[in-house]
Amino acid sequence: MVDQDSERRAPRRTNRGAWFTAIPLLAFIVIAYVAFAASGADFTLPRFEPALPSGATWYISLGDMLVATSLFLLFLEVLKSTRTSGKSVIDHSLSLVVFIACLILFLIWQPAATSVFFIIMLITLVDVTAGFSVTIRAARRDYTVSGTD
């Protein structure tokens, strides 16, 4: 028999950080781009110039860093999309909102009319389509039809 007092004292598992997993990570890149663009940053100006063993110099700009970070975050978003819980639907819906916001910014805000922002917008589109596709595939795999031969 289970002691009722020990049940009361047992720590409960909470999902305190669960809301954070529903936030699309690419929203942070879009916010960073908007903040940099609003401050007048030049996305093509080289920020780092490491020398390569070949003797060439690699010029890394702010735009390059944002795109590279976006690709890494896209990978994490695709990993998040393998969940089949209710939170994944919220995550994908918010990712769609991020893409729509990017599209609107690209069309109506002059500082967002750059190749860097266009590529970030395409990455958010890939996030939306891959997220829904992977979740549907994972849900189909979890769903089993019984009684059919």
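Every read-out reported here was derived from the displayed coordinates using simple, explicitly stated rules and does not represent laboratory data. Note that this is a predicted model, so its numbers are computed, not measured. Positions of Cβ are backbone-derived with ideal geometry, glycine not excepted, and every protein chain shown enters the neighbour counts.
Some observations on this one:
- Ordering 50, 118, 90 by the projection of their Cα atoms onto the charge dipole of segment 32-142, which places +1 on the Cβ of Lys and Arg and -1 on the Cβ of Asp and Glu, puts 90 at the extreme positive end.
- Student exercise, segment 24-149 dipole from Lys, Arg, Asp, Glu Cβ charges, in Debye to nearest 20: 300
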